[in-house]
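Engineer: Sharing a structure here in structure tokens format.
Each value in this text was obtained by applying a stated rule to the coordinates, not by laboratory testing. Bear in mind that the values here come from a model prediction, so they are computed numbers and not experimental data. Cβ placement follows ideal geometry from the backbone for every residue including glycine, while neighbour counts extend to all protein chains displayed.
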Amino acid sequence: MKNFINEDKIFDILEKMQSPSRQRVETIINKSLTLRGLSPEEAAVLLNCDEKVSLNRIFETAKQIKETIYGNRLVLFAPLYLSNRCVNNCLYCGFRKERLNAETQLLDTNEIREETKALISQGHKRLLIVSSENPAVNIDYIENAIETVYNTKEGNGGIRRVNINVAPMGVEDFKRLKQTGIGTYQLFQETYHGDTYSLLHTSGPKSDYLKRLYACDIAQSAGIDDIGIGALFGLYDYKFEVLALLFHTMHLEEVFGVGPHTISVPRLEQAQGSNIASAPPYPVSDADLKKIIAVLRLAVPYTGIILSTRENAALRNELIYLGVSQISAGSKTLPGSYSNNKNEQGQFSISDERSLSEVIEDMTDRGFVPSFCTSCYRTGRTGEDFMDLAKPGDIKNFCQPNALLTFEEYLLDYNQELAGKTKSLITSEISKISDPKVRQMTSDKMKSLSHGKRDLYF
């Protein structure tokens, strides 16, 4: 397998694009507004921009592009960790094999059911299944876990979409994974810098850089439509990682005609038993993180940008204005923590400990519409079909009404106290739906929800 991440080229681009003029930055910003994306060279110009006026223009444009494509909705989800028992020794991870005095766990079917019930009872409709890598977490186990999640009901609620972040598989196992009805298969390279990758992944299957790099290729060749990529910022220079993510994006587009459905931007946080996590080799400041998110939005306008609870509440409330389209909420990263209400540290330290309802209230105070929408997955708007709608900004015609319907359902079933406070927001957002037929249908579906109907979507 050939390494399509050309490190020398990335370093050369970053070197050549230093100290850009305001005019050059402005030209690239204007190009980004066409929603055609940016080249790695153009992204490097923005990454190397430190002039305040130009940076503010980048931030404003990121917000505008996200709203053009997706509207002002934010998709909500929670991670469900299946196991912290791992065969890999990744020096930054709280689940690494050689951590001291760590209890390990592998959830059984009943425990998965109880965890799912606890998440449903909060109002969640979308889960990201996450697991460490070990022989027990094979395709049979994963199939059973996904089936258990989908079959678990609590009151009016249930999980409607499972995305998954597990170790790379072979083609046949990916085909079986596809048949379970997952949404996105998500896998992070962690760092795209080869020497750093080797230094940090000292043993286990994950130490194979190329195997991990090509996992998304194998998944797509097996028929999985939507792929999520990401880097763990802080392991290496963030500018290098952003350009590497763009080269990964370009590779997927060239080979499969479909780029990443999502890009995640986790920042290295403290993890039990990891000195590296406590003192990142390449610290990423809050200002750096803002730039990372905004530049990615300009460079890959169609992708969903995911922000985790690694960041504190105040910062997350700032970052959601810069192009973020999906956030986790009420997260726990230790297996079994939802049903047992454990607050012990899991894979990494959580900085935003707000409940789902608290996150939602903050979002609505800022004029965002919380969304639990899963309609694209269930109507076939995935892969290339999704991109055909997302790239010109037409997916918003589905995102906005579906966000409103799922939010209204949440209010009716889980948070009636908030309903009165958000009535004007919902009314205003319905009025913004451009198609009069869709606007009327949305109002009609809202009435049906109030009369007991559920799971209505476009």
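Engineer: Tell me the trypsin sites (Lys or Arg not before Pro) within segment 1-45 that lie in a loop according to DSSP and have at most 13 other beta-carbon atoms within 10 Å.
Structural biologist: The qualifying sites are Lys2, Arg36.
Engineer: Can you tell me which lysines have their Cα less than 17 Å from the Cα of Lys211? Leave out same-chain residues fewer than eight positions away.
Structural biologist: Answer for Lys211, where 17 Å is the Cα cut-off: Lys2, listed by chain and number.
Engineer: Rounded, prolate or oblate, given the Cα gyration tensor of segment 396-450, with a/c below 1.5 counting as rounded?
Structural biologist: On the way: a/c = 2.00, a/b = 1.71, b/c = 1.17.
Since a/c reaches 1.5 and a/b is larger than b/c, the shape of segment 396-450 is classed as prolate.
Engineer: Report, ordered by chain and residue number, the lysines lying within cross-link reach of Lys153, taken as a straight Cα distance under 21 Å and ignoring same-chain residues fewer than 8 apart.
Structural biologist: Once the sequence-local lysines are set aside, what remains near Lys153 is Lys117, Lys125, Lys332, Lys453.
Engineer: Name the residues whose placed amide hydrogens come within less than 5 Å of the amide hydrogen of Leu232, ignoring near sequence neighbours (fewer than 5 apart) on the same chain.
Structural biologist: Amide H to amide H, under 5 Å and 5 or more residues apart or across chains, Leu232 pairs with Glu190, Thr191.
Engineer: Among bridges DSSP assigns within segment 67-388, what percent are antiparallel (round to 5)?
Structural biologist: Percent antiparallel among DSSP bridges in segment 67-388 is about 10.
Engineer: Same structure, new question: Among the Cys residues of the chain, which have no other cysteine Cβ under 4.7 angstrom away?
Structural biologist: When partners are defined as cysteine Cβ atoms under 4.7 Å apart, the chain leaves Cys49, Cys86, Cys216, Cys373, Cys376, Cys399 without one.
Engineer: Sticking with this structure for a sec: Enumerate the aspartates and glutamates that Lys16 could reach by cross-link, defined here as Cα to Cα under 16 Å, with residues fewer than 8 away along the same chain left out.
Structural biologist: Glu7, Asp8, Glu41, Glu42, Asp50
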